[in-house]
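Taking it in order: structure first as structure tokens, then the write-up.
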Amino acid sequence: MIAGKLLHSSRSQPALLMHGASLSAGRREVSAILATIQAQSSTRYADGIVETDIPARLDGLRWSMFHTRVVTALGITWILDGLEVTLVGAVSGALKDSPTLQFTNFDIGLAGSTYLIGAVLGALGFGWLTDRIGRKKLFFVTLALYLTATAATALSWNIGSFALFRFFTGAGIGGEYTAINSTIQELVPARYRGWTDLTINGSFWVGAALGGVGAIVLLDPLVIDPELGWRLAFLTGAVLGLVVFVMRLWIPESPRWLMIHGRPDQAIHIVAEIERMAARHPDAAANEAWPTIRLRMRDHTPLREVARTLFSAYRQRSLVGLALMIAQAFFYNAIFFTYALVLSTFFDIPPERIGWYILPFAAGNFLGPLLLGRLFDTLGRRAMIAFTYGISGVLLAVSGYLFAAGVLTAQTQTIAWMVIFFFASPAASAAYLTVSETFPLEVRALAIAMFYAVGTAIGGVAGPALFGVLIDSGSRDSVFAGYCLGSALMIAAALIGWRYGIAAERRPLESVASPLAAVESR
């Protein structure tokens with residue numbers, strides 16, 4: 001028996017050694033492949049200057065499963081935002097009827113404005129950190145903040161606690177915008193950038209539809225007590241956020257950010273891994289050398305240089321971005337935060353039925369970027385921005401007039417909103433696209449944050465509160481006046497975008513806005 005065991009051991013040991021040897025050989029083979037890919041890169045660095053072809057290699061790839069995973073794990077931010085905004089609108093009736101809260105229309109508008117104030121401050125603070133310490137760290141921090149705050153919202157006991165938790169929820173979402181937009185811009189190839197960005201921003205309305213459906217179920221008194229239902233509605237966002245947190249674990253840091261911030265070896269390794277998963281696009285000839293760019297590595301960009309870049313070197317682009325962001329923020333937030341109040345006040349729609357009206361509204365908003373998004377990469381940014389902003393403004397004025405005249409029913413009002421926002425949704429997404437691709441890499445996240453913050457502070461925070469007051473007046477003419485203001489802002493933004501916008505379609509980010517760290521070739 002002992003001899004048998006020894007014989008078995010003597011036979012199995014070489015097998016195990018051979019298995020270990022094959023594993024080691026496999027690892028050496030993978031390492032050799034990576035070394036070969038890295039050797040083919042023309043990246044060189046010395047004396048604090050790196051010359052690299054990494055941006056061109058990233059832009060020269062076909063769409064792959066890697067890119068799909070990136071936009072899924074990161075782009076779901078907009079689904080969370082859509083869910084949050086919709087829940088507040090859809091449960092507004094339940095919040096007013098709640099024996100604990102007993103909100104007024106003004107309280108609903110105030111809560112919406114508080115959420116947006118948090119988003120503004122969160123975008124600014126986290127935007128600065130995103131450019132300084134990296135994209136990846138921040139999109140975990142901001143998601144964790146969102147998760148905690150939206151779960152706490154479900155425990156609110158008065159307007160003060162509700163507004164506070166909404167403030168921190170908004171701060172998390174605002175920070176997400178900056179970290180996620182910059183990361184996606186820097187990982188997605190240039191030829192897909194416009195359509196991808198618009199579709200991802202449009203996925204806000206997938207979250208809106210989820211919020212609407214959730215409200216239908218959770219606010220139905222035959223299914224659950226509405227006082228418990230609205231609390232469970234907010235917990236759904238926290239559950240979804242936990243899933244997203246896990247999905248993001250494998251997303252890499254932006255190689256473009258790493259190159260500038262003194263970590264070229266890590267950037268080269270990440271790009272090599274991406275190239276293993278994605279083939280070169282046919283437009284990039286296999287035997288063609290990648291163009292390179294020379295960069296002076298740095299650990300951060302001083303705020304003084306950021307200010308000079310945004311307000312001096314790129315002043316015109318800043319004004320365009322500001323105009324687009326203000327117009328779409330007022331247009332969207334004023335209408336969307338108060339759509340439930342319009343339906344309940346002027347059309348007598350009960351709170352538990354509000355969710356049904358958001359589904360076609362959300363469908364128009366999602367289909368707009370999905371179907372029109374590719375035109376931003378073919379017909380071009382300027383033409384499509386002017387068209388979508390302009391037609392949205394005109395249609396809002398026309399539907400507002402019909403609303404004031406008492407011609408519309410709840411159903412036809414919803415259809416009108418569906419058509420308007422089919423065009424307004426890609427317009428709003430184009431504002432984020434514009435401010436994220438037309439500024440240098442070192443200030444990209446902070447630029448997104450600043451224009452989102454200023455645009456939202458001017459156009460978004462005031463909008464819900466203003467419309468809450470107008471709706472409380474009970475006057476259709478007063479609400480129509482608010483619609484006219486939103487229409488005028490959109491038409492003005494269309495003219496500015498057409499006259500001063502940048503034709504950034506299908507161009508590498510480095511050619512749209514040269515990095516501040518760029519060094520002239522010798």
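The values are calculated or read from the model by the stated rules, or taken from the named source; none is laboratory data. Predicted model, so just to flag it, every value in this text is computed and none were measured. Note that each Cβ is placed from the backbone with ideal geometry, even for glycine, and that neighbours are counted across all protein chains shown. Surface areas here come from the heavy atoms of the whole protein model, side chains and all, with no ligands, DNA or RNA. Shrake-Rupley method; radii C 1.70, N 1.55, O 1.52, S 1.80 Å.
Tabulated data for the structure shown
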quantity: Filtered residues of region 62-80 (kept if open to solvent by 10 Å² or more (accessible area, probe 1.4 Å) and either of a type outside the set (Lys, Arg) or part of a loop (DSSP other than H, G, I, E, B) (or both)); calculated: ARG62, TRP63, SER64, MET65, THR68, VAL71, THR72, ILE76, ILE79
quantity: Selection count where residues are of a type outside the set (Gly, Ala, Ser) and part of a helix (DSSP H, G or I), scope region 90-115; calculated: 10
quantity: Qualifying positions in region 138-156 - open to solvent by 10 Å² or more (accessible area, probe 1.4 Å) and not in a helix (DSSP H, G or I); calculated: LEU155
quantity: Selected residue (criterion: modelled with the highest pLDDT) from residues of region 94-137 that are open to solvent by less than 20 Å² (accessible area, probe 1.4 Å) and of a type in the set (Phe, Trp, Tyr); calculated: TYR115
quantity: Tally of residues being at pLDDT 90 or above and basic (Lys, Arg) across region 303-354; calculated: 3
quantity: Criterion: touching a residue at least 40 places away in the same chain (Cβ under 8 Å) and either closer than 19 Å to LEU446 by Cα or among the small types (Gly, Ala, Ser) (or both) - qualifying residue of TYR332, TYR314; calculated: TYR314
quantity: Meets criteria (more than 27 Å from GLY355 (Cα to Cα), among the aliphatic types (A, V, I, L, M) and at pLDDT 90 or above) for LEU402; calculated: no
quantity: Residue within region 281-288 that is under 28 Å from the mean Cα position of the chain (by Cα) and within 30 Å of GLY501 (Cβ to Cβ) present; calculated: yes
quantity: Unmet criterion (only one of (1) closer than 20 Å to LEU235 by Cα; (2) modelled with pLDDT of 80 or more; (3) among the aliphatic types (A, V, I, L, M)) for LEU58; calculated: (1)
quantity: Selection from region 428-438 of residues that are within 14 Å of the chain's Cα centre (by Cα) and either among the aliphatic types (A, V, I, L, M) or open to solvent by less than 10 Å² (accessible area, probe 1.4 Å) (or both); calculated: ALA428, SER429, ALA430, ALA431, LEU433, VAL435, SER436, GLU437
quantity: Number of positions in region 397-424 that are over 15 Å from VAL342 (Cα atoms) and open to solvent by less than 20 Å² (accessible area, probe 1.4 Å); calculated: 3
quantity: Residue in region 334-372 that is most open to solvent (accessible area, probe 1.4 Å), counting only those that are polar (S, T, N, Q) and over 26 Å from the mean Cα position of the chain (by Cα); calculated: THR345
quantity: Residue check for LEU87: part of a helix (DSSP H, G or I), under 18 Å from the mean Cα position of the chain (by Cα) and crowded, with 21+ Cβ neighbours inside 10 Å; calculated: no
quantity: Scan of region 495-518 for residues that are small (Gly, Ala, Ser) and either over 22 Å from the mean Cα position of the chain (by Cα) or closer than 16 Å to PRO55 by Cα (or both), ordered by number; calculated: ALA504, SER511, ALA513, SER514, ALA517, ALA518
